[in-house]
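The values are calculated or read from the model by the stated rules, or taken from the named source; none is laboratory data. Predicted, not measured: the structure shown is a model, and the values here were computed from it. Because the Cβ atoms are built from the backbone with ideal geometry, glycine has one as well, and the counts that use them run over all protein chains shown. When the accessible area is computed, the model is the full protein with side chains, heavy atoms only, and any ligands, DNA or RNA have been set aside. Shrake-Rupley method; radii C 1.70, N 1.55, O 1.52, S 1.80 Å.
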Amino acid sequence: MLIDTYDLDIFTPPCEPGAERYSAVARLVVDISHVLPYLNATLRGAIYHQEANALTWKKGGHNIAFHAFEIATSNVVDRDGAIKELDGLVELVNRTWERRSELSPNFKRRRRPTPMDVYKLLPQTNCKQCGEQTCFIFALKLSAGQHQLADCPVILEQEHDDKRRQLEQIVIDAPAIR
Ligand code: SF4
């Protein structure tokens, strides 16, 4: 096991004094730099910065950052929530490291998809079934994490399977629909 213990820091983000949600950091005694390219190869929507030795990822409303000796997460409710979230991330790092012989490390830096990248793959019917006036507004909100791909029922239709799969690959934190 690569990480078997960590020290927990939990604090209010400096940009949000008085916030009711907290940020939390697991301070590690082992260097996890060598795991980051493997995480980059497996985590959909992860952004790897090789020069900065950092990988960022969004999951379930949390902004997550992996660095050499720490794992940070945002938007936790309390200490128990922070421990649960960080324990899951530690397990993810350990599991990825154990599976490294099956994986190809990816050192490339992906760029975040722009709203236009997303829009090009949407059905572009402006049917409003997602609650937005246009597909482009939906694309803007999807890129910002304010919608999920599944909020567009039209993309579920079989004729859009190919574009839906492409969207699932590029949209940060977009769950696979089926
Ligand atoms: S439901 Fe889908 S196709 Fe219809 S407007 Fe929204 S994004 Fe466009």
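Sorted largest first by accessible area at a 1.4 angstrom probe radius, with every protein chain in place, the residues LYS128, LYS59, LYS84 fall in the order LYS84, LYS128, LYS59.
Leaving ligands, DNA and RNA out of it, work out the accessible area of THR5 with a 1.4 Å probe and give it in Å² to the nearest 10. About 80 Å², rounded to the nearest 10.
Modelled label positions at ASP117 and GLU91, each set 7 Å beyond Cα in the direction of Cβ, lie 3.0 nm from each other. Within the assembled protein chains, the solvent-accessible surface assigned to PHE66 is about 0 Å², based on a 1.4 Å probe. Lysine pairs in the chain whose alpha-carbon atoms fall under 25 angstrom of each other, counting only those eight or more residues apart or on distinct chains, come to 18.
For every other residue with a beta carbon closer than 14 angstrom to the beta carbon of HIS67, add +1 if it is Lys or Arg and -1 if Asp or Glu, then tell me the sum.
My count for the surroundings of HIS67 gives -3.
What a 1.4 Å probe finds exposed on the chain is 49% carbon and sulfur by accessible area, rounded to a whole percent.
Note on the chain: helix-only mean residue ellipticity at 222 nm, from DSSP H runs of 4+ residues weighted -39500 (n - 2.57) and normalised by residue number, equals -9000 deg cm²/dmol. For the chain, the relative contact order comes to 20 percent (Cα pairs under 8 Å, sequence separation of at least 6).
Largest accessible area first, the residues THR42, THR96 order themselves as THR42, THR96 under a 1.4 Å probe with ligands, DNA and RNA left out. Accessible area ranking (1.4 Å probe, heavy atoms, ligands and nucleic acids excluded), largest first, for GLU70, GLU85, GLU98: GLU98, GLU70, GLU85. Which values of log₁₀ I(q)/I(0), to two decimal places, follow from the Debye formula for the chain at q = 0.11, 0.18 Å⁻¹ with a uniform point scatterer at every Cα? At q = 0.11, 0.18 Å⁻¹ the computed log10 ratios are -0.55, -1.14. Set the Förster radius R0 to 41 Å, insert the Cβ-Cβ distance between GLU102 and LYS128 as r into 1/(1 + (r/R0)^6), and round the FRET efficiency to 0.05. Efficiency, rounded to the nearest 0.05: 0.40. Spin-label model, ALA150 to LEU8: label points 7 Å out along the Cα-to-beta-carbon direction sit 2.9 nm apart. Taking all protein chains as shown and a probe of 1.4 angstrom, HIS67 keeps an accessible surface of around 70 Å². In whole percents, the pair-distance distribution calculated for region 74-177 from its alpha-carbon pairs, binned every 5 Å from zero, is 2, 11, 17, 16, 14, 12, 14, 9, 3, 0.
Taking other residues whose beta carbon is less than 12 angstrom from the beta carbon of VAL29, and scoring Lys, Arg as +1 and Asp, Glu as -1, yields -3.
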